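Asks: I have a structure here, written as structure tokens, and I will follow up with some questions on it.
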Amino acid sequence: MPKAKVRGCYQSSVGARPPRCYVVGSVMCPPCVNALGIYKRVKANKAAKRRQDNRASAARSRQKKDQKTSDIHSDHLALTAEFEELAQELADITRASQALAAAITIKSEERNGLVHAKNLRSVSPSAHPSK
Ligand SMILES: [Zn+2]
């Protein structure tokens, strides 16, 4: 008679679900106790695996973040170097521009001087006869 009741109990062979004991009484029948032990071990293993997966996933995302940070860092270094190069180039251009402006000023003054001298030459002869 107890055998029939034991057969009525539900026990997951792979421990996927806790056993359901249909034996009348305050305690589980031995096969159900055994099945409960398997279920608890399987559950603990699943929880451990989940924790491990979570840790691995966290490590992966940390690694990705570190990679991203280092990418940003090297981008920053490259851009800083490029900026300094461009600033140097701009300084060179500014210097060349100032040199050209100075040369233009000198040329312009020379031309003005020549024009003035020419004017003086063209004015002088006409100034003589009036004397
Ligand atoms: Zn049972």
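Asks: From Cα pairs below 8 angstrom and at least 6 apart in sequence, can you work out the relative contact order of the chain, rounded to a whole percent?
Replies: 13
Asks: Quote to one decimal, in nm, the extra length available between Ala101 and Thr80 on full extension: 0.36 nm per residue of separation minus the C-alpha distance between them.
Replies: 4.5 nm
Asks: Give, to the nearest whole percent, the P(r) tail of segment 8-90 beyond 15 angstrom, counting all Cα pairs.
Replies: Summing the P(r) of segment 8-90 above 15 Å gives 73 percent of all pairs.
Asks: So if each residue of separation counts as 0.36 nm, and I subtract the Cα-Cα distance between Arg41 and Gln88, what length gain in nm does that give?
Replies: 10.0 nm
Asks: If you don't mind, another one. Charges only on Cβ, +1 for Lys and Arg, -1 for Asp and Glu: so what's the dipole of the chain about the Cα centre, in debye to the nearest 20?
Replies: With Lys and Arg at +1 and Asp and Glu at -1, about 2120 debye.
Where a number appears in this text, it was derived from the coordinates with a stated rule and is not lab data. Keep in mind the model is a prediction, meaning the values are calculated, not measured. Quick reminder, even Gly has a Cβ in these numbers, built from the backbone with ideal geometry, and neighbours come from all protein chains shown.
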